[in-house]
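Data block below; observations after.
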Amino acid sequence: MFVSIMNHQGPCMIASLSRILRLAALAVVLALLAAQGRAPAQAQTQAQPQNPEPPTSQAFPSSQERRQVLVLHSYHKGLAWTDSEDAGIDSVLEGKPGLEVFTEYMDAKRYAQPADSERLASYYARKYANARFDVIVATDDDAFQFLLARRDTLFPGAQVVFCGVNYFDESMIAHSAGAYTGVVEAYDVRSTLRAALALHPGTYRLVVINDRTPTGQANRKILADVLPEFEKKVSVVYLDDLTTDELLAKVRSLATGDIVLLMTFNRDKAGRVMGYNESISLVAGQSKVPVYGVWDFYLGRGLTGGMITNGLDQGRLAAQMALRILAGERAGSIPVVKESTNRFMFDYAQLKRFGISPDTLPEGSTVINRPTSFYEEHSGKVLSVGVAFLLMSGMLVALWVNIQRRKRTEASLRESEEKFEKIFRHSPDWIAIMRLSDGTYLDVNDAFEKITGFTRDEVLGKTALDIGIYSNPKERYELDEAFLRMGRTQIQELQYRLKSGEVITVERAGELVEIGGERCIISIVRDITSKKQAEQALIETEKQKKLRADAEIKMLQAQINPHFLFNAITSIMYYIRTDPEVAYNLLVKLGDFFRKNIKPGGASVPLSKEIDHCEDYLSIERARFEERLRVSYDIHPAALDCPVPPLILQPLVENALRHGIMPKEEGGEIVIGAHPEDGVIRIFVRDDGVGMDAATVASLLDESGGAPPRKGTGLALRNVNARLVAIHGAQHGLKIESEPGKGTTISFTIPAMVTAAPQ
């Protein structure tokens, strides 16, 4: 539709676009001319420091492990520093699966008596009697000192991560058994004072404002290490034990040559408590000289600047350490972070107030509240106009390209339609196009008419149910939910009924397409009736083969020599009169023999079981022949597990006895042997009987179509040989070696890699 509109309205649209481009070009020129000058800032934006990325933590515990973390803040909610630390902690821990975070505020800025700590300890002991914290995050000195004194009794086993601690020495945690780590606040007073004195070379006095809170006392220790460097250059005065009114009176008296270093002033001598915002507003509002500091919560509220410490960084780094502990590390194995992540930051309004040029600031300094140029203030709009100009230029090119592409597409579409028409009409498979909404046929190809017997006129405008083509109507596309959901169907096999009433088997595939704005089904069907009939014939052939194989086994089971049975019964009857115990044993052996013949096992049995079967047979024959029959075994242990077809060995032993040993008046010996050799197991039965000539040997296994051997002269051997050849191949069939008067050896081989079937 878009291409069609362009064909009809292209010239008008191009003219309109040309006018738009001229206006856009004029707007860009005006914007660039305006950007060359400086305009007063309409809004002041405080630049936020770019917080460094915290170190990557290890894998967090899975949600199945419920872990508990306590965040213990020294001060109160609403204090800017504490809120920034809490925001940093929350940015890391929030949303972690399986993690439950508790938060407590000690409110030490407003309540800092020793009794308060005892009451807090008692309160926490009751409140968290049933809690087992994995990690405690302590912010600032009061919470850190509180845990150093009471962790073992209040929270035994919990590991501690601290942050915002002003004064830290390794000896504080030396006896904690590796349960502490953290981030030292590490504010940089030295760099702040060096920068301040460089910006104010006429300074003769440094006024330090501090309080007597635990944080103030920690500040005093740090200042004691830093200020000796500056006491040689300027006089240092402390204002740290005054009421608010006394402090402000002294601040008002300051004059040129003084600079102020504001540390913390949250509680005065009279016990009055104030927040950071209030303290900086009071001091900076009364001071006629620059005020410098080290914390970001003073910046933008009257502080000139300094090497600024960020509470958000402190909280984020501590929370990252907590995650590492939750992932399995010990706190003691994580080094305490002592290096500063601070940066020089200054307030443009204060720089202007005290006549400080931004060009004299330390390199890399960040200046907040700086007025912006027209381009800086409206850069988004200028860029938008430029982008619009480029976009419209691109649109002109794209429209021209689209027109050319449309022409090529239309030509390609005509060619595709011609190809589809040829495929549709001349495909050997039948193809039908049906409307999805009601299932009526829209078109069918020639193969449909030829195979189904329905003409095109008979099916167009009708449904598959109308013409009765489905043998099972439930297989219609319209009722196939999977087809409607996926928009296509893989090849399906089903039954179709032709016009003649004949039912054929087909393979069907279909695709949902849109033709002329209407959803349709293209169905491709192939007649596979002949293929299915051939497959069924093959299945029937395999079934007949299996039946013949089963019949062969049954025939072998039925090949029990009647003379053997009669002779065995005669021997047993004799021993019943002379030796009943021998008769009993012979009956047991005879029962075992017949049981194995009737149910020989699976496709194969271990050679050891075949030997046991032969032994049952020989035990009965020994009772008849006594000293005339001698049997020995030559079996390698590795051959005992060799799988052989069932009932394969006993016929060979019986053959050796009947045709080799029995004809000799003095009897003889039968040797049953098996040895591994060259990847096969060779199995043999050897006798020292009457033997045979070469012609007789050749006739025993002759399958050339001549007369079969008479009963008792090779039928059993032929059956054994046929089974071996059918299972393992001709190279594993029977081998017969014999000479008249020297006995006979019959052998065969079994591949060594064959594994016996389970019994």
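Would you mind stating whether residue 303 is within 30 Å of residue 73 (Cβ to Cβ), modelled with pLDDT of 90 or more, out of contact with any Gly (no Cβ under 8 Å at 6 or more places or on another chain) and of a type in the set (A, V, I, L, M)? It is false that residue 303 is within 30 Å of residue 73 (Cβ to Cβ), modelled with pLDDT of 90 or more, out of contact with any Gly (no Cβ under 8 Å at 6 or more places or on another chain) and of a type in the set (A, V, I, L, M). Residue-level analysis places residue 210 outside the set of residues that are buried (at least 16 other Cβ atoms within 10 Å of the Cβ), farther than 23 Å from residue 354 by Cβ, polar (S, T, N, Q) and within 60 Å of the chain's Cα centre (by Cα). Of all positions in region 268-286, none carries a residue that is surrounded by 19 or more Cβ atoms within 10 Å (Cβ to Cβ) and within 20 Å of residue 191 (Cα to Cα).
Being basic (Lys, Arg) and either part of a helix (DSSP H, G or I) or touching a Pro at 6+ places or on another chain (Cβ under 9 Å) (or both) is a description that does not apply to residue 301.
Rundown of residues vs (1) in the same structural domain as residue 733 (by TED's automatic domain parsing); (2) surrounded by fewer than 20 Cβ atoms within 10 Å (Cβ to Cβ); (3) more than 22 Å from residue 629 (Cα to Cα); (4) in contact with a Phe, Trp or Tyr (Cβ under 9 Å, 6 or more places away or on another chain), yes/no style:
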position	(1), (2), (3), (4)
648	yes, no, no, yes
652	yes, no, no, yes
661	yes, no, no, yes
666	yes, yes, no, no
670	yes, no, no, no
673	yes, yes, no, yes
680	yes, yes, yes, no
684	yes, yes, no, yes
690	yes, yes, no, no
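The residues of region 101-133 that are farther than 22 Å from residue 86 by Cα and among the basic types (Lys, Arg), listed by number, are 119, 126.
Assess whether residue 437 counts as being among the polar types (S, T, N, Q) and not assigned by TED's automatic domain parsing to the domain that holds residue 520.
no
In this entry, residue 137 is excluded by the filter for residues that are surrounded by 15 or more Cβ atoms within 10 Å (Cβ to Cβ), assigned to a strand (DSSP E or B) and touching a Lys or Arg at 6+ places or on another chain (Cβ under 8 Å).
The values are calculated or read from the model by the stated rules, or taken from the named source; none is laboratory data. Everything quoted here is computed from the prediction, not taken from an experiment. As a convention, Cβ positions derive from the backbone with ideal geometry for all residues, glycine included, and neighbour counts pool all protein chains shown.
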